[in-house]
Structure formats: C-alpha cells, structure tokens
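Notes for the one structure printed next.
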Amino acid sequence: MTGGDAAVRGADRIVRGMRGDWEAVIGLEVHVELDTATKMFCSCAVTKGDPPNTHTCPVCLAHPGALPVVNQRAVEYATRIALALDCTVPPRNVFHRKNYFYPDLPKAYQISQYDEPLAVDGCFDYWSGDEKLRCRIDRVHMEEDAAKLIHAGGETGRITGSEYSLVDFNRGGTPLVEIVTEPDIPSPAAARDFLQQLRELVIELGVSECNMEEGQVRWDANISVRPAGSSTLGTRTELKNMNSFRFLQQALESELPRQVGILEAGGTVEQETLHFDPETGTTTPLRSKEEAHDYRYFPEPDLVPLAMDPAWVEEVRASLPELPLARVARFAEQYGLSRADARVIAGPGALARFYEAVVAQGVDPKLAANWTMGEYLAHLNAAGLEPGHGHVTPERLAALVRLVADGVVSTSAAKDVFTKMIEERAEPAAIVAKHGLGRISDSAALGPVVAEVVAANPSQVEQYRGGKRQVLGFFVGQVMKATGGRADPAVVNELLQKALDG
Amino acid sequence: MVDTMRLTAREAKKLLVDGEVSSAELTKAYLDRIAAVEDRVHAYILVTADNAAKYSTKVDREMQAMRGPLAGLPIAVKDNMVTEGVTTTCASRILHNYMPVYTATAVRRLWDDHVVMLGKTNLDEFAMGSSTENSGFAVTRNPWDLGTVPGGSSGGSAAAVAAGEALWALGSDTGGSIRQPAALCGVVGMKPTYGLVSRYGLVAFASSLDQIGPLTRSVHDCALLLRHIVGKDPRDATSVVAPAPIELPSAERLDGLRVGIPREYLAAGIEPGVRARFEEAVALIEELGGRCVEVSLPHTEYALPAYYIIAPAEASANLARFDGVRYGYRAADADDVVTMYERTRGEGFGPEVKRRIMIGTYALSAGYYEAYYGRAQRVRTLVRRDFTDVFGEVDLVASPTSPTVAFPVGARAADPLAMYVSDVCTIPANLAGLPALSIPCGLSDGLPVGFQFVGPAFSENRVLDAAHALETALGFTATPSLGGAEAALSQSGGAEAASPTGDAASAPPEGTAS
Amino acid sequence: MIGEDDVRHVARLARLHLEQDEVGRMTGELARILAHIDKMSELDISAVPPTAHVLDVVGVTRSDRVEPGLSREEALRNAPAVVDDCFRVPKMG
Ligand SMILES: [Mg+2]
Ligand SMILES: [Zn+2]
C-alpha cells in the first residue's frame, strides 16, 4: 500500500517479538471542527470562550418540536476536505440518526452520516521520514459536535470521583467533518506524521484553524498487529483520548508490544476500546463488552437527502488551493531545493507564501531558503508568531539576503542585522549603516589590524613559519574577531600571508 | 346570541365584520361554554381564559391594525404544538411543567393573523393512541355519548369543536389522529399532504408521518384554516412550497369526478351501521354526477404492520430527548446519570408510550433492522405504489374513516392491537404522505360516522371541493347532547385503565399563560 | 420470539426503567404485536427499494448566517437543576 519504495521498509516498522517480527496495522478516525459562522443544524454562532449557555436555541438544546436545517457552508467546507483527499463525491448523501444517551448529546442522537456519506474512496499522500506514504481514505462525512461536559466536585475535571457534571451547550452542534482512513498506516511514527500533515492540509483549505488546544482536531486510532510481511488483518483495538500528536504516538507504541505479547503467549486480542492515560503512558479498557453501543442508525426523517450538483462540486474543486504535497514537489523543482528543505518550507502554507514573496523580490532562491528555514523560522518559534506576522516582512528579508549575496555584509554580520531588524523594526540597509556592520575589504583599513594580530602572537608565528600552515586559520579568526566579523576573508587571507611569509 | 354548537368560522367572521358581535363577546361565548361543560368533556388540558379575554379585547380595540381574515376568531390548539409562554405538555407527565421558549410555526402564523387562542387541548400522550384515554392528565369524553371515547389522538380538539367549546381547532395526524377523532365526534378533519404545513414546533411523534391540520365544523372552515397555516418554513427542511394556493371550496356538483372505493378497506371489520352510512354517501356522490368504481389497494393489509414499525422506530429516537437534563420531569435522588435517565423516563412516560419506545428500539436494534425497519420501509414503497396506480384510474379514493363509531371508554384500553386496528383506513394516507379528509356522513346508533376522501399529493383543492359538495348534499346538522355520561361512568372499568399515570390522571399542569 | 431478557436489554438501550411486573406484561404485549407485524414477511420485497421519505425534494439547506437564539435565562428556564449557569446532571457513574 505504501507509495514510493514499498520494498524498503524503515526499521521502526518492525516490532521484534520473542518469536519473530511483527508489524502494525493502524487506521485513524479524525474529527475536524469547521470554522463556519453558525452551527451545523441551527443558526447559533460558533464561538470559543464565551460564558456557558449563551449560544443556544431550541434546535441545539433539543427542545420539543425543534428541527434541524443543514448549514450550506458546512457542506461546502466538508466537500473541500473530501476533494483535497481525492475522494469521490456521490450525487447524493443522507443523514442518519446515531442513537445513544449522554448528557452532552441533547437529542440523545447525533445527526451523522452512515451508509451514504458525503464522500468515499480517497487517499492522502504524506511523508514519513524520507518515505512518501499513501493512506487510503475510506470516507469523509458530516456530523454535529457534542456539548461540553464539565466534571465537578471530587477531583476536578475528571469523570472518576466527580460528584456531578455540568453541561454547557455553546459547542453543541458545531459542524464536524469525520475522516476515516483505511488501516494503511504502518507505524506509530507514521500515524503521527499522517496526522500532522493532514492538519496542515485542512488549515491550508481554509476550513478550520485546527487549533489543538481548543480541540478543533480530535482523533481515535485503531490498531492491530500481524506477522511481518503477512497480509491478514488481526483483531484490532480502538484507542481514545490522545489529544496531542505525541500522545498518539505514545499510545500506539505502548499498545503494540501489548498485542504482540498476547499473541506470542498464544492468547487472542480482544476487540475493545482503550483509554490512554498520558500520565502513566498506558491504556486501560474503556467499557466492557455488554455495554457495547448499539447505535440503532436510521435515516434522519427531519432532513431530506442532500443532492450534490456535479457542476457545483467541480466549482469547489477548482477553488482548492495548491495542496502541500504538490507544492513541495514544485518548490524542489522550481527553486532547486532539496526534498528535505522543500518539505520544511512548502509544507505549511503560510511559510510557503512568505518564502515565495521573498523570492519574488529577485533574490537567490537557495539563499532565501536558508534564511527562511534558519533565522526566520527560529524567530517565529521564539516569538510564537505565525509565518507572515511580525516585523520581518518578505521585502526586508529579501533585502538582507541581497546584502549577503552582494558581499555587503558577512553571513555572521547579517545575523546581527536580522536581530536588529526585529528590535529596531528597520530596513537592513539602514541597520548596516547605523551600526557599521558592512564588510571591510579595504586593505588600508585591515592592514594595521593584521599587523597587530601578528605582533600579538609570536609563538603562532613561529609555528607557521616552522611549516604548520594550518595556523593561518587561527590568524584569520583573530582578525575576524577584532573586526566583529566584518573583514572580507579573501582580503584578510592575502594580507596575512604577506605579513607571515614576508 | 352566539350558538357555539352550530356556529362556523365563516359565519363568525361575518358577525364580526358586520359588527353584530365583538371578538371579546365571541371569545366569551366559548369560554362560558367551556366553563359549562368542560367538567364533563375534559377536552382541554389548559384553558387560557385570561389571555383569550385580554387578547380578544385588544383585537376589538385595535381593529384597524389587527385586521385580517382570521382576526378575532377563537381557536383551540392541540397540546403537542409548542406555544411560547403557555405550558405545553403533550399530555405527558414528563413535560408536566414545560414552558416553551418558542412557538410552533403553524400556531405562530395564526397568532400573526390575530387569532385568539382559547387553550391547549387534550390528546393521547405524545399523540400515541386512538382514544385520548392515554393522556397523562384526563380522559376526554365524546360529546355524543360521554361514555364513549372521542377517538384520538386529537380527541381533545375534536371533542372541543363537537361540544361547542371551540369554534375550530388544530390537531396533528400521524396515522389518523385528526381524521379518526373527527369521524367519531362528527366534525370535519383534514390531514394535508406531507410537507404542506411546517412541523416546526410540533412535538415529534413520527417525523416522516406527522402533519398538522384543521378540525372544523365545515369543509369551508377547514379550507379557510388550512390556507393560513400552509407554506414553506425555512425552519422545517421537510416543508414545501404549495404548488397552488388553498382555495375556499364552492363545488355543488361532482360531475365527471371518478371516485375509487378500495375493496380492501371494506373487507375488514367495518360495522354494519358504518357501512350503511358510507354506502348512502357513495350513492349521493353518484347523484351529484360522480362515478364510483371499485379499485384495489392490494397492500392495505400490510400497511398497519409497516406503520407499527416505522412510527415507533422514529418515536423511539424522537422521545429520547426527554431525559430530565434540560427541561421537564426529572426523577428525584438518582445517584448517577444512567439511573436518573431510566427512572425519569420510567416514571415520566405512560404505558402506551413505553410500549412504542420498546417496539421502536427493538426494531432498530442490532440484528433486527433489516427484518423490521428495512422491511417496513419497503412495504411503505408498495403502499405508495398502490396509490400511484389507483390515481391513474380515479381522481379520489373514498372509504369510511373509522371501521366503527365511538367505542366505550375502556373497551380497547387493555388490548393495544384492538386499538391499533382503529386506524386501518387512515394509516395508508400517512405512509404515502397523501391529503385525506373526513366529514360526518350521518349517525349509526346515535353516533357519528365519518367519510374519508384521499387524494393524490397536493390535491387539497380537489379533496376540499369534493368534500364540500358531498357535505352540502348530505346536510348533516345533528349536534351532540352531552348525554350518556352517568351510564358510562357507572359501568366504568375503563376509567382506571384510562389513567396511565395513576395519581397524575386528574392533576392539571400548573402552567398558565404569562 | 421475544423474551424477558430481550425486553430488559431493549429497556436498557432505551433508558427506560421497567418494574418487574411491567417486564412480564411488556414481554407478552410485544410478542403479540410483533407476531402481527411479522405479517410483512409474507411479501417478497427483495426487489423493492425502501421509502425513507415521501418527499421528492432534495438538498434543502440554509445560509451560514447567525441569527439570535435564546438568552441564557431562557435556555436555563426549564432546567431541573442549574449550577454556574450550566445544566447540572448526576455523576457519570
Ligand atoms: Mg463521529
Ligand atoms: Zn442553536
């Protein structure tokens, strides 16, 4: 199933058991909250952080007699995701009721999709290490989010030990897209890579900010193991409560040896749902078998089927932005970047756009890439900024790159200039002028410095003249230090050789 | 001055327009009548007397601003349509104190037309029943014989109109819940084509079958009320734009009208008296120029089983929201949420509602879906096709509305299946989503008999016209005497079975208009 | 044939508390009703498509525009138990 070089498998794919090698088979179910203005089936605002129960109506509180009506924008956003995942969008889809009782589900059924979802049969290509992998997408469907439950009394925030719970219906009914993969993911690390890159894709599509802290992206994983190289599918378990990429990987990494252990001891893996505890890094069964849900799906009679006009679907397809994977390939090709560099720069859309704006100023693409990945990305991370924000505009970074390329400033001086661009919010050229950070290549100016360095280090002069030519580097370094890195290395070399040889 | 037993809305409007009576006087006449007979009929769960008096006075005072075809006319509303500021109970303990925060679209349209609401009428709990004995609060009596049931589930609305306690009323019909009580109470009742009237604010029983419709004293009134509640509602995705406006009927002849009499409807258990009145009406249709022919709806006998899967299945989900979290009854002192749910619902719902939730849940549960729900949906297709085929040959289908006249209180309460059979002639129109109307066509042993027309989808004007012509020719003018109560109450036995929630049976809800 | 255990299981799914005598009565009633419903199995429906809906309309949606909803007071007005402007429910158990 893997794209690229299927024969070459990373060592991390193989789980070494007592009796042989095993491999993981992982599938994901990803829920994404859409950034629509209103909820999936009512006209209440979708908000974050407002006081509890201030965005509700008869529909999302499930008052008697209230009826759902589908949010057209949510359909459009979900279709964008489906098309970006290369899915087929059938001419019609149908909403079903998924029945279960829980206080955060006011109707006691979730309006979801079942056997006629929005989209089916897609795929998503992603990078894991140096390998490009392909994961088939089983389906993409629309549904509504549950409300927020707050467990109070006892140990705050936990179900166990709480005396009662509180329900805030502000979030209830927020549009969700559920993406279900085929079990094509070969390792916990690949699962993490898949999710990170899927999140980037969704952000790129402009349909969700995918804010992790606010739980705008959530996922469950299912995992089974099989003898390495086999094509059978083992009994799978379902893992829940992994709210960071790291926890996802950790949970899968702890579940793998557990299953291998059971199978090697001659046991059978029980199909069950496991809850990941980030504190202990282990999983525990969530509910026993007899409590297994019987959702009693049936077609939602309050909604008519949605007809997907093929012309409209094509319009949506045409409006999709360039997707990250295609952009990586284009950047490598167009700008002569290595695959690895292209993935760093072209993966996240905002950074890619910033980079292209820098290059558009007519500077060397490779040099621009070095600066974008190096100083600029470090600055964003340190300042907690999104690409394109802050005082370093593409024009200013391009100006700095040009100063380096033209030899006006040395690379090390340019790093100073970059720091001062942020502190002083000024143009690079102005900073170079103000702080005298330009490169010194005038031999009249450098001559006395060289003479001074030579005079101050007689023993090194001795070594050099005794044939240890590599000491020359030491002198260059001393001159650079004395000039704050501004000396032109070529001129310094020339002057030093003259002074030492002469 | 106002004979509430006979007055039609059309006549009442004329009195208002001619200045012979004010809206306040008209409203007071109904409130007086309610005060006089309600303790025998129990048609209402809540009478909003103060509100009605105040509002009718306001309509009189602001006549210039509050004009309109329905302005100032009093109406009764079945208590499964939510009304902001007026408790809505669905005749269920589980909603005994529920104060709606919004108003059903159909009711809102009438309020916007300055209609005066008299109160909320009784029903079988959550509209599940055919006798109004399943109410959690009181058993409504048939004004023609207080020992008999008014039919159901819109028994309160039908009895209110029949007893002169309302000029007209709104009901809802899922399997016959407007037409069967209309038949048993000797009034006109219509279930429109599915989608014609918004369901927004109608507390759902079976969403793919429910429709709101009028219960009136004449076909003309039926058309008048219907035309003011139809229309696409952006809040109900299953509501549609009516292909043509509802016209007020005027036909006197039925020349050229082809009427099909389905032989399957007459095959099963039609009482002789009902059959006789029906056949007389059929003869009248011929006299009026219509042509009656026998037709076949071959899947009729499967409609009832299909209905008793589809309706409970949808109901089991629709009634899941009554969980004691956001509104309504909550069982006291439950330690955990599951216990709270189970006890709230166990104590809050009556036996018939529980029975249907159980059937529906079972039919949808793992392993049974195809055998029950899936099969019922396919039978539904066959029932629809039957009608499509027949409407290729005839313009309307006619049958008795109910196989029997009103039956004694308690007579069928112990046997759910016997009760379900009451709806054998009405259910197919719900499964097929078709318009159907019942008019009184005479008496059998002193009790009214109903005559039903069913038409193709959106043929309301045709159905109303035919019914109007037949109604005129029939000249049914009898009115009930509100007798027979003592006899019925003494032979009781039914009274207990009819009080599904025990001690709550006679307790009216606390809510009042605000 | 439906038995008392089925009835208890279904009651659990429906979150419906039934007294012991109700379970017995319900079992008998459901068995009779289901026997009547089984009449449907006389029909060969293998080639018949299901009807979920009688309407021919499809694709009814609304635009993504915020409309005023309920005030917090209205939202909580009917609640059996309120704490901190939220609906209070017993512990999850
Ligand atoms: Mg889901
Ligand atoms: Zn809402």
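The values are calculated or read from the model by the stated rules, or taken from the named source; none is laboratory data. Given the structure is predicted, the values throughout are model-derived calculations rather than measurements. Every residue, glycine as well, gets a Cβ built from its backbone with ideal geometry; the counts of neighbours run over all protein chains shown. Heavy atoms of the whole protein, side chains included, go into the accessibility calculation; ligands, DNA and RNA do not. Shrake-Rupley method; radii C 1.70, N 1.55, O 1.52, S 1.80 Å.
Could you grab me the full set of residues in segment A:164-196 that are charged (D, E, K, R) and within 21 Å of A:ALA82 (Cα to Cα)?
Filtering segment A:164-196 down to residues charged (D, E, K, R) leaves A:168, A:171, A:178, A:182, A:184, A:192-193.
Scanning segment A:164-196 gives A:GLU178, A:GLU182, A:ASP184, A:ARG192, A:ASP193.
Residues to consider are B:VAL47, B:VAL107; find the one that is of a type in the set (A, V, I, L, M, F, W, C) and open to solvent by 10 Å² or more (accessible area, probe 1.4 Å). Quick ask: steps written out before the conclusion?
Working: B:VAL107 fails: open to solvent by 10 Å² or more (accessible area, probe 1.4 Å).
Matching residue, one of B:VAL47, B:VAL107: B:VAL47.
Does segment A:41-52 contain at least one residue that is within 16 Å of ligand 1 (Cβ to nearest atom), more than 17 Å from A:VAL217 (Cβ to Cβ) and either outside any loop (DSSP other than H, G, I, E, B) or within 10 Å of chain C (Cβ to nearest Cβ) (or both)? So that I can check it myself, show each step before the final result.
If we filter segment A:41-52 for residues that are within 16 Å of ligand 1 (Cβ to nearest atom), which is where we start, we get A:41.
Within this subset, residues satisfying the condition of being more than 17 Å from A:VAL217 (Cβ to Cβ) are A:41.
Narrowing the set further to residues that are either outside any loop (DSSP other than H, G, I, E, B) or within 10 Å of chain C (Cβ to nearest Cβ) (or both) leaves A:41.
Yes - at least one qualifying residue is present in segment A:41-52.
What number of residues within segment B:311-341 satisfy the criterion of being open to solvent by 10 Å² or more (accessible area, probe 1.4 Å) and more than 7 Å from chain C (Cβ to nearest Cβ)?
Final tally of qualifying residues: 5.
Would a scan of segment A:155-165 turn up a residue that is open to solvent by 20 Å² or more (accessible area, probe 1.4 Å), away from chain C (no Cβ under 14 Å), acidic (Asp, Glu) and at negative phi? I'd like the intermediate steps shown before the answer.
Initial filter on segment A:155-165 (open to solvent by 20 Å² or more (accessible area, probe 1.4 Å)): A:155-161, A:163-164.
Subsequent filtering for residues that are away from chain C (no Cβ under 14 Å) retains none.
No - not one qualifying residue is present in segment A:155-165.
One residue is enough: does segment A:308-327 have a residue meeting the conditions touching a strand residue (DSSP E or B) at 6+ places or on another chain (Cβ under 8 Å) and open to solvent by less than 70 Å² (accessible area, probe 1.4 Å)? If you could, list the steps in order and put the result at the bottom.
We begin by selecting, within segment A:308-327, every residue touching a strand residue (DSSP E or B) at 6+ places or on another chain (Cβ under 8 Å); these are A:308, A:325.
Now restrict to residues that are open to solvent by less than 70 Å² (accessible area, probe 1.4 Å): A:308, A:325.
The answer is yes, given that some residue of segment A:308-327 is touching a strand residue (DSSP E or B) at 6+ places or on another chain (Cβ under 8 Å) and open to solvent by less than 70 Å² (accessible area, probe 1.4 Å).
Limited to segment A:47-65, what total is found for residues that are within 33 Å of the chain's Cα centre (by Cα) and either hydroxyl-bearing (Ser, Thr, Tyr) or more than 10 Å from ligand 2 (Cβ to nearest atom) (or both)? If you could, list the steps in order and put the result at the bottom.
Filtering segment A:47-65 down to residues within 33 Å of the chain's Cα centre (by Cα) leaves A:47-56, A:60.
Still in the running and either hydroxyl-bearing (Ser, Thr, Tyr) or more than 10 Å from ligand 2 (Cβ to nearest atom) (or both): A:47-54, A:56.
The number of residues fulfilling the criteria is 9.
Quick check: anything in segment B:198-212 β-branched (Val, Ile, Thr) and within 28 Å of A:PHE298 (Cα to Cα)? Write out each step before concluding.
Residues of segment B:198-212 that are β-branched (Val, Ile, Thr), as a first pass: B:203, B:212.
Among the residues that remain, those that are also within 28 Å of A:PHE298 (Cα to Cα) are: B:203, B:212.
Among the residues of segment B:198-212, at least one is β-branched (Val, Ile, Thr) and within 28 Å of A:PHE298 (Cα to Cα), which makes the answer yes.
Would you mind stating whether B:SER172 is outside any loop (DSSP other than H, G, I, E, B) and within 14 Å of chain A (Cβ to nearest Cβ)? Give the steps one after another, and end with the answer.
Working: outside any loop (DSSP other than H, G, I, E, B): yes; within 14 Å of chain A (Cβ to nearest Cβ): yes.
Here the answer is yes, as B:SER172 does meet what is asked.
What residue, among those in segment A:116-131 that are in contact with a strand residue (DSSP E or B) (Cβ under 9 Å, 6 or more places away or on another chain), under 27 Å from A:ALA191 (Cβ atoms) and assigned to a loop (DSSP other than H, G, I, E, B), is farthest from ligand 2 (Cβ to nearest atom)?
Among residues in segment A:116-131 that are in contact with a strand residue (DSSP E or B) (Cβ under 9 Å, 6 or more places away or on another chain), under 27 Å from A:ALA191 (Cβ atoms) and assigned to a loop (DSSP other than H, G, I, E, B), the one farthest from ligand 2 (Cβ to nearest atom) is A:PRO117.
Would you call B:ALA466 surrounded by fewer than 14 Cβ atoms within 10 Å (Cβ to Cβ) and either touching a Cys at 6+ places or on another chain (Cβ under 9 Å) or modelled with pLDDT of 95 or more (or both)?
On the way: surrounded by fewer than 14 Cβ atoms within 10 Å (Cβ to Cβ): no; either touching a Cys at 6+ places or on another chain (Cβ under 9 Å) or modelled with pLDDT of 95 or more (or both): yes.
The answer is no for B:ALA466.
Of the residues that make up segment B:127-135, is at least one touching a residue at least 24 places away in the same chain (Cβ under 8 Å), open to solvent by 10 Å² or more (accessible area, probe 1.4 Å) and under 15 Å from the mean Cα position of the chain (by Cα)?
Initial filter on segment B:127-135 (touching a residue at least 24 places away in the same chain (Cβ under 8 Å)): B:127-135.
Narrowing further to those that are open to solvent by 10 Å² or more (accessible area, probe 1.4 Å): B:134.
Right, trim to under 15 Å from the mean Cα position of the chain (by Cα) and you get B:134.
Yes, some residue in segment B:127-135 is touching a residue at least 24 places away in the same chain (Cβ under 8 Å), open to solvent by 10 Å² or more (accessible area, probe 1.4 Å) and under 15 Å from the mean Cα position of the chain (by Cα).
Quick one: count up the residues across segment B:379-419 that are surrounded by 23 or more Cβ atoms within 10 Å (Cβ to Cβ) and either among the basic types (Lys, Arg) or free of Cβ contacts under 8 Å to residues at least 60 places away in the same chain (or both).
Matching residues across segment B:379-419 total 2.
Which condition number in (1) farther than 28 Å from A:ALA66 by Cβ; (2) crowded, with 22+ Cβ neighbours inside 10 Å is the one that B:PHE205 fails?
So B:PHE205 meets the others, but not (1).
Can you pull out every residue in segment B:413-428 that is modelled with pLDDT of 95 or more and within 14 Å of the chain's Cα centre (by Cα)?
B:THR426, B:ILE427
Which one is farthest from ligand 1 (Cβ to nearest atom), of the residues in segment A:53-72 that are closer than 25 Å to A:ASN211 by Cβ and facing chain C (nearest Cβ under 7 Å)?
Filtering first and then ranking leaves A:THR54.
Tell me yes or no: at least one residue of segment B:372-395 is at pLDDT below 95 and more than 9 Å from chain C (Cβ to nearest Cβ). Steps first, please.
So the first thing to find is which residues in segment B:372-395 are at pLDDT below 95, and the list is none.
Looking through segment B:372-395, none of the residues is at pLDDT below 95 and more than 9 Å from chain C (Cβ to nearest Cβ).
From the residues in segment A:26-40 that are away from every other protein chain (no Cβ under 14 Å) and open to solvent by 10 Å² or more (accessible area, probe 1.4 Å), which one is nearest to A:LEU201 (Cα to Cα)?
Ranking the qualifying residues of segment A:26-40, first place goes to A:HIS31.
Matching residues to (1) acidic (Asp, Glu); (2) surrounded by fewer than 20 Cβ atoms within 10 Å (Cβ to Cβ); (3) at pLDDT 95 or above; (4) not in a loop (DSSP other than H, G, I, E, B):
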position: A:ALA329; (1), (2), (3), (4): no, yes, no, yes
position: A:ALA340; (1), (2), (3), (4): no, yes, no, yes
position: A:ILE345; (1), (2), (3), (4): no, no, no, yes
position: A:GLY362; (1), (2), (3), (4): no, yes, no, no
position: A:ALA378; (1), (2), (3), (4): no, yes, no, yes
position: A:HIS391; (1), (2), (3), (4): no, yes, no, no
position: A:LEU403; (1), (2), (3), (4): no, no, no, yes
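In this structure, does A:TYR109 turn out to be assigned by TED's automatic domain parsing to the domain that holds A:TYR297, open to solvent by 10 Å² or more (accessible area, probe 1.4 Å), within 16 Å of ligand 1 (Cβ to nearest atom) and not hydrophobic (A, V, I, L, M, F, W, C)?
On the way: assigned by TED's automatic domain parsing to the domain that holds A:TYR297: yes; open to solvent by 10 Å² or more (accessible area, probe 1.4 Å): no; within 16 Å of ligand 1 (Cβ to nearest atom): yes; not hydrophobic (A, V, I, L, M, F, W, C): yes.
So A:TYR109 does not fit the description; no.
Could you tell me how many of the residues in segment A:66-99 are open to solvent by less than 20 Å² (accessible area, probe 1.4 Å) and within 16 Å of ligand 2 (Cβ to nearest atom)?
Within segment A:66-99, the first condition is being open to solvent by less than 20 Å² (accessible area, probe 1.4 Å), and the residues that meet it are A:66-71, A:74-75, A:78-79, A:81-85, A:87, A:93-97, A:99.
Within this subset, residues satisfying the condition of being within 16 Å of ligand 2 (Cβ to nearest atom) are A:66-71, A:74.
So the count comes out to 7.
Mind counting the residues in segment A:211-239 that are surrounded by 20 or more Cβ atoms within 10 Å (Cβ to Cβ) and within 13 Å of the chain's Cα centre (by Cα)?
Selection size over segment A:211-239: 1.
Test B:VAL353 against the stated conditions and say whether it is facing chain C (nearest Cβ under 7 Å) and not charged (D, E, K, R).
Details: facing chain C (nearest Cβ under 7 Å): no; not charged (D, E, K, R): yes.
No, not satisfied.
Quick one: in segment B:348-369, of everything that is open to solvent by 20 Å² or more (accessible area, probe 1.4 Å) and part of a loop (DSSP other than H, G, I, E, B), which residue is nearest to C:HIS17 (Cα to Cα)? First the steps, then the outcome.
Just the residues of segment B:348-369 that are open to solvent by 20 Å² or more (accessible area, probe 1.4 Å), to begin with: B:351, B:355, B:366-369.
When the remaining residues are screened for being part of a loop (DSSP other than H, G, I, E, B), the result is B:366-369.
Numbers: B:ALA366: 21, B:GLY367: 23, B:TYR368: 22, B:TYR369: 23 Å.
That would be B:ALA366.
When the residues of segment C:2-54 are filtered to those that are assigned to a loop (DSSP other than H, G, I, E, B) and over 27 Å from B:LEU431 (Cβ atoms), which remaining residue is farthest from the other protein chains (Cβ to nearest Cβ)? Full working, then the answer.
Of the residues in segment C:2-54, the ones assigned to a loop (DSSP other than H, G, I, E, B) are C:2-3, C:14-19, C:43-54.
Imposing the further condition that a residue be over 27 Å from B:LEU431 (Cβ atoms) reduces the set to C:3, C:15, C:17-19.
On the way: C:GLY3: 12, C:ARG15: 4, C:HIS17: 3, C:LEU18: 6, C:GLU19: 8 Å.
Of everything passing the filter in segment C:2-54, C:GLY3 is farthest from the other protein chains (Cβ to nearest Cβ).
Considering only residues of segment B:58-84 that are part of a loop (DSSP other than H, G, I, E, B) and of a type in the set (Gly, Ala, Ser), which is most open to solvent (accessible area, probe 1.4 Å)?
Narrowing segment B:58-84 to residues part of a loop (DSSP other than H, G, I, E, B): B:62-73, B:79-80, B:82, B:84.
Of the ones still in play, those that are also of a type in the set (Gly, Ala, Ser) are B:65, B:68, B:71-72.
Values: B:ALA65: 82, B:GLY68: 29, B:ALA71: 9, B:GLY72: 1 Å².
In this case the residue turns out to be B:ALA65.
Looking for whichever is within 23 Å of A:CYS87 (Cβ to Cβ), within 14 Å of ligand 1 (Cβ to nearest atom) and open to solvent by 40 Å² or more (accessible area, probe 1.4 Å) here; the options are A:TYR114, A:TYR102. Which one fits? If you could, list the steps in order and put the result at the bottom.
Numbers: A:TYR102 fails: within 23 Å of A:CYS87 (Cβ to Cβ).
Residue meeting the stated conditions: A:TYR114.
Tally the residues that are assigned to a helix (DSSP H, G or I) and within 13 Å of chain C (Cβ to nearest Cβ), restricting the search to segment B:400-426.
First, the residues of segment B:400-426 that are assigned to a helix (DSSP H, G or I): B:416-423.
From what is left, the residues that are within 13 Å of chain C (Cβ to nearest Cβ) are B:416-421.
Total satisfying the criteria: 6.
Out of all the residues in segment C:57-73, is one or more over 30 Å from B:PRO100 (Cβ atoms), at pLDDT below 95 and more than 7 Å from every other protein chain (Cβ to nearest Cβ)?
Looking through segment C:57-73, none of the residues is over 30 Å from B:PRO100 (Cβ atoms), at pLDDT below 95 and more than 7 Å from every other protein chain (Cβ to nearest Cβ).
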